[in-house]
1. So who's got an amide H within less than 5 Å of the one on residue 138, skipping anything under 5 residues away but keeping other chains? H placed 1.01 Å off N, in plane.
2. What ranking do 267-280, 324-337 get when scored by the average of other Cβ atoms within 10 Å per residue, highest first?
3. How many nm is it between the label spots at residue 170 and residue 284, if each spot is 7 Å from the Cα in line with the beta carbon?
4. Which ³J(HN,Hα) values, rounded to whole Hz and listed in residue order, are derived for the stretch 355-361 from phi using the Karplus coefficients 6.51, -1.76 and 1.60 in 6.51 cos²θ - 1.76 cosθ + 1.60 with θ = phi - 60°, glycine and proline given as x?
5. Give me the number: length gained by fully extending residue 332 to residue 72, i.e. 0.36 nm times residue separation minus the C-alpha to C-alpha distance, one decimal in nm.
6. Suppose the chain between residue 362 and residue 49 were pulled fully straight at 0.36 nm per residue; how much longer would it get relative to their current alpha carbon spacing?
7. What FRET efficiency do you get for residue 230 and residue 11 if R0 is 56 Å and r is their Cβ-Cβ distance, rounded to the nearest 0.05?
8. Once you order the gyration tensor axes a ≥ b ≥ c over the Cα atoms, which shape class does the stretch 173-321 get: rounded for a/c under 1.5, otherwise prolate or oblate by comparing a/b with b/c?
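Each value in this text was obtained by applying a stated rule to the coordinates, not by laboratory testing. None of these values were measured; they are calculated from a predicted model. Reconstructed Cβ throughout: ideal geometry from the backbone, glycine too, with neighbour counts over all protein chains shown.
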Amino acid sequence: MTNRELFEKARGLMPGGVSSPVRAFKAVGGDPIIVSHAKGCRIWDVEGKEYIDFLMSWGPLILGHCHPRVVKALEDQLQKGLSYGITNAHEITLAQMVVSAMPSVQMVRFVSSGTEATMSAIRLARGYTGRKYIVKFEGCYHGHYDGLLVSAGSGVATLGIPGTPGVPEEIASLTLVLPYNNVEALKEAFEKYGEDIACVIVEPIAGNMGTVPPKDGFLEALRELTRKYSALLIFDEVMTNFRVSKGGAQELYSIEPDITCMGKVIGGGMPLGAYGGRKEIMEKVAPEGPIYQAGTLSGNPMAVVCGIATLSEVFEKNPYEQLEQTSKYLCDSLSEILSRKGIPHTINRVGSMLTVFFTDKEVYDYSTAKSSDLGMFAKFFRALLREGVLIPPSQFEAWFLSTAHTREDIDQALSRIERAVSSI
């Protein structure tokens, strides 16, 4: 069957024909592709067409698709059981790896998704401080938890949802939303609500309004103000943990949060998330403490061994300089292609995550990200797809590279991108 035929069948069985909204391609137009298989940095649809993949499952696949070490670990565990519902030895191994890599994390709790991690971290912060308000930043997406689905980026921005349908006003009113990278707004919020603020949750490198790095002094101000007012600082490193450095964005910028939320790379492509922090905070989590959180599949052995294999390869090979060089080469060359065509653009990049914005303005928050020409992005996306290059079907998402992307792969991708841009 063709992509279109299968998608029409899916639409009768699943809302929008998808299991996650952005996959429906509504923001970019055209028919979604239906994936058949993938290997390395390439993915194939059910019609047999090959794409060079810069989506990388939205970030987890830092080693690319079907890395031999990861596949072998999964095959071995498959013979031993898919799920136990009770603690397995692999959880302890992965916990040791996380704690050794993240200086701010002394204890960790595994969950099954990034949303579970952020939701649980918020509950922990409220329980630990006895306060009710949380602070988040406009355009930052922290999962689909009610209290965080306020002025969110990612798929919410892509679909242009104007409010928070299904979220009671009473819940939404407990979330204070500030502009990203705006220290003055942060100071004002703490001056007004500081004694009632439980925590600030932030993507230390925003990835859900597109890639937006922190300005100098922004993360430092977050750390200083939360300490001053005895609130907790939560880093949502679901995208950035083990992606931008071994110790995540907090290592890159030398800022230690109180709680860290993890996902994506930590599971290597399997459903796995985690949250962790200082021992005195994490000991408040049940069964050690009174703040309840649980999950039948938390610490699932298949997911955990996938994470162990992925992180073992990353820790041994330390590929971050290679990823930096490959990603810089892609961005520099892509900018040259767009400039020759006379297309206004700004490319934001941190390590192996990047976003092309179709604006000549600096992009440093959600407002400036929204200045991007969405019509041009949609044309760009469809043209790349025709030429066999897969990027996120949303202006407000990050591209990701992997160790499987060689210089030859990038050159081939750039050749396809140049053809695509010429056709716009």
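1. HN-HN under 5 Å from residue 138: 178, 180.
2. Values: 267-280: 23.6, 324-337: 16.5.
Ranking the peptides 267-280, 324-337 by packing returns 267-280, 324-337.
3. Spacing of the two 7 Å Cα→Cβ label points: 2.3 nm.
4. 9, 9, 9, 8, 8, 9, 7
5. Working: separation 260, 0.36 × 260 = 93.60 nm, distance 3.62 nm.
90.0 nm is the gain from fully extending residue 332 to residue 72.
6. Values: separation 313, 0.36 × 313 = 112.68 nm, distance 3.60 nm.
Extending this stretch completely gives an extra 109.1 nm.
7. FRET efficiency, residue 230 to residue 11: 0.65.
8. Working: a/c = 2.20, a/b = 1.36, b/c = 1.63.
It is oblate, given that a/c is not under 1.5 and a/b is not larger than b/c.
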